[in-house]
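Peer 1: I'd like to ask some things about the structure below.
We did not get these values from a lab; they are worked out from the coordinates using the rules stated. These numbers were taken from a predicted model, which means no experiment stands behind them. Using ideal geometry, Cβ is built from the backbone for each residue, glycine included, and neighbour counts are taken over all protein chains shown.
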Amino acid sequence: MKKIILLLLFAIFPSVLTAQIKITLNADQSKIQINRNIYGHFAEDLGRCIYGGIYVGKDNTKIPNTDGVRNDVIKALKDLKIPNLRWPGGCFADTYHWKDAVGPQNERKPIENLAWGNMREDNSFGTTEFLNLCELLSAEPYLAVNMNTGSVQEAVEWVQFANHANGTSYLTDLREKCGRDKPWDVKFWGIGNESWDCGGNMSVDHYINLYKQFATAMTSYFNTEKLYRIAVGPGGPGNEWTEGIMKNIPARRFEAISIHHYSVINWSNKGSSSQFSDEEYFKTMQQAWRMDDIIRTNGEIMDKYDPVKRVALVVDEWGGWYDTDPDGNGQLYQQNTMRDAMIAGLTLNIFNNHADRIRMANLAQMVNVLQSVILTKDEKMILTPTYYVMEMYNVHQDAIQVPMQIISNDFVMGNDRIPAVTVSASKDKSGKMHISLANIDNINSQQVEIDLKGFNATHISGKILTSSKVQDHNTFDNPKNVVPKNFNDASISGNYVKLMMPPISVIVLELE
């Protein structure tokens, strides 16, 4: 009789049996720190990311600024606690010569942006402006070295300009003339960018030989400079590139390998950023989920040569990429919807759960380009759903990862399926636990049960970001359409936490 009743319930209310997510946290096994640099950003000289987005000029009287950088952007990024910022590219870096953009602004060399539309640039935002901005934000600068059209000597001199003590060379004299007495001590240096494509269309063997030349000269033969050098990683699913780097570059010559992954449905027809179908949404999330496999595949190769995980895997470009919006707001400008919030929640959970190897990442890009956290239009500025997810998740920065097991329902379309819910968790210095959950299913709620092994909690609170449609977004006329709210629907009973996740929702719980 019970079996018949259960079968009837399943036929009438399938979600009664299927909408059950079981998560087991093993707080007593926590030992890996989630590096704060996983929550980094990327600002390329592209479209309106730099000019008009971040930088409006020192003489601008309409938009409040500090040395030309928008004050509203500065405040938003400080609130976000961004740990690092990558610049000047991207493909722009592959033709960028840093000396063109230092010194008095009226004496700087105007250039043509060959990578992005052949636009004329006045170079008013250069190394000094970028490094001062990072210092203002308390963010580590991450410089991308021009390995394609640049020279080894140019890279060496960039390091000297940024890092060496006053009076040691004409480059430190030049820095003083630019108004900077002390060095910035730039730690992170990417040697090349997408060298398998726009960065030179190189073979892995050619890149390795060139890389060793750059890395050796930039740090001196005895590596006295102590830079964190990031080598270009693979541009596709094959093993050849990562294997070559790990096997053929001496350990003392590199600290990390970079990879890029965008959640693109079709590179020739990327689709609209705000007007998309359920099928397009599902395919985007499939691509976002590929991040986990990419990390695992490259990690397995790296483990063969580096079982102690000395070398980091850096995802210094990631996010959603759609067709440029047709409203004239700049190249690669796109709206940011709840779809992008789901990409962010899912991806950051993946990064947190791979914190043993992933120690830096950079969302592409920060303002007005691709999956940006900020959009600007003249004097107006809005924060995107992606901004709010990264703000909610910044509680994981430098916290200790909590290992877990999860049994999830699937998000299904036709014959394709991917897990509906991703989760990551950490314990901070004060002893609080934070659990971040993302339900990418745009139709079904998810009933979640969390077993808190090794952690005693008496109080729970939370934040939620959700909306009625996956296409929902913020606009300059309605900037608060999608914002986080308090989440009070999670309960503690003994050692278990229970909650119901709405469709397309990101939730961060705090337990103490």
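Peer 1: Can you tell me which of 410-417, 340-347 comes out highest on packing, and rank the rest after it, using the mean Cβ neighbours within 10 Å?
Peer 2: Values: 410-417: 12.9, 340-347: 29.1.
Going from most to least packed, we get 340-347, 410-417.
Peer 1: Compute the distance from the alpha-carbon center of region 168-234 to that of region 401-443, in whole Å.
Peer 2: When both Cα centres are located, 38 Å separates them.
Peer 1: What ranking of ARG252, ARG86, ARG175 emerges when the number of other C-beta atoms within 10 Å of each C-beta is taken as an exposure proxy, fewest first?
Peer 2: On the way: ARG252 11, ARG86 32, ARG175 25.
In order of increasing Cβ crowding within 10 Å: ARG252, ARG175, ARG86.
Peer 1: Next question. What does the extension gain come out to for SER461 and ASP122, with contour length at 0.36 nm per residue minus their alpha carbon separation?
Peer 2: 117.1 nm
Peer 1: With an 8 Å Cα cut-off and a minimum separation of 6 or more residues, compute the relative contact order for the chain in percent.
Peer 2: Numbers: 1123 pairs, mean separation 96.6, N = 512.
This gives 19 percent for the chain.
Peer 1: Starting from the amide H of SER372, placed 1.01 Å from N in the peptide plane, find each other amide H under 5 Å away whose residue is 5 or more places distant or on another chain.
Peer 2: Counting only residues 5 or more places away or on other chains, the set is GLN365.
Peer 1: Let me ask something additional. May I ask you to evaluate 6.51 cos²θ - 1.76 cosθ + 1.60, the Karplus curve with θ = phi - 60°, for each residue of region 157-169 and list the ³J(HN,Hα) values in order in whole Hz, giving x for glycine and proline?
Peer 2: 5, 5, 4, 5, 4, 7, 10, 7, 5, 4, x, 8, 6
Peer 1: Can I ask one more? Along region 239-251, what does the Karplus equation 6.51 cos²θ - 1.76 cosθ + 1.60 (θ = phi - 60°) give for ³J(HN,Hα), rounded to whole Hz, x for Gly and Pro?
Peer 2: With coefficients 6.51, -1.76 and 1.60, one gets 9, 4, 5, 4, 4, x, 4, 5, 7, 10, 9, x, 4 Hz.
Peer 1: Something else about it: With viscosity set to 1.567 mPa s at 4 °C, what whole-number translational diffusion coefficient in µm²/s follows for region 195-307 from Stokes-Einstein and a Kirkwood radius over Cα pairs? Kindly include the intermediate steps, with their values, before the conclusion.
Peer 2: Values: Rh = 16.1 Å.
It comes out at roughly 80 µm²/s.
Peer 1: Please say if the chain is rounded, prolate or oblate, where rounded means a/c under 1.5 for a ≥ b ≥ c the square roots of the C-alpha gyration tensor eigenvalues, and otherwise the choice is prolate for a/b larger than b/c and oblate otherwise?
Peer 2: Numbers: a/c = 1.86, a/b = 1.56, b/c = 1.19.
Note, shape of the chain comes out prolate.
Peer 1: Could you give each residue of region 413-419 its phi-based ³J(HN,Hα) in whole Hz, using Karplus coefficients 6.51, -1.76, 1.60 with θ = phi - 60°, and x for Gly or Pro?
Peer 2: Going residue by residue, I get 9, x, 9, 9, 8, 9, x Hz, with x marking Gly and Pro.
Peer 1: Identify, among ASN474, PRO403, PHE130, the residue whose Cα sits farthest towards the positive end of the charge dipole of the chain, taking +1 on the Cβ of Lys and Arg and -1 on the Cβ of Asp and Glu, with the dipole about the Cα centre.
Peer 2: Going by the Cα projections, it comes out as PRO403.
Peer 1: Under 5 Å between amide hydrogens, which residues at least 5 positions from LYS270 or on another chain qualify, with H placed 1.01 Å from N in the peptide plane?
Peer 2: Residues meeting the amide H criterion: ASP323.
Peer 1: Report the equivalent ellipsoid semi-axes for region 272-314 in whole Å, largest first, defined as the square roots of five times the eigenvalues of the gyration tensor built from alpha carbon atoms. Mind dumping the intermediate values first?
Peer 2: On the way: eigenvalues 229, 18, 5 Å².
After diagonalising the Cα gyration tensor, the semi-axes are 34, 9, 5 Å.
Peer 1: So what's the gap between the Cα centers of region 57-122 and region 331-397, to the nearest angstrom?
Peer 2: Measuring centre to centre over Cα atoms gives 20 Å.
Peer 1: Amide H of ASN481: which non-local residues (sequence gap of 5 or more, or other chain) have their own amide H closer than 5 Å, using H built in the peptide plane?
Peer 2: It is THR475, by chain and number.
Peer 1: Do the alpha carbons of any pairs in LYS81/LYS187; LYS226/LYS309; LYS270/LYS469; LYS78/LYS469; LYS81/LYS177; LYS182/LYS380 sit beyond 28 Å of each other, and which pairs? All intermediate terms of the calculation are to be shown ahead of the outcome.
Peer 2: Numbers: LYS81/LYS187 19 Å; LYS226/LYS309 19 Å; LYS270/LYS469 20 Å; LYS78/LYS469 30 Å; LYS81/LYS177 31 Å; LYS182/LYS380 35 Å.
Over 28 Å apart, Cα to Cα: LYS78/LYS469; LYS81/LYS177; LYS182/LYS380.
Peer 1: Taking a Cβ-Cβ separation under 4.7 Å as the criterion for a possible partner, which cysteines of the chain have none?
Peer 2: Unpaired cysteines in the chain: CYS49, CYS134, CYS178.
Peer 1: Now for a different question. In vacuum, with every alpha carbon of region 32-167 counted as one equal point scatterer, what does the Debye formula give for log10 I(q)/I(0) at q = 0.10, 0.11, 0.18 Å⁻¹? Two decimals, please.
Peer 2: -0.34, -0.41, -1.11
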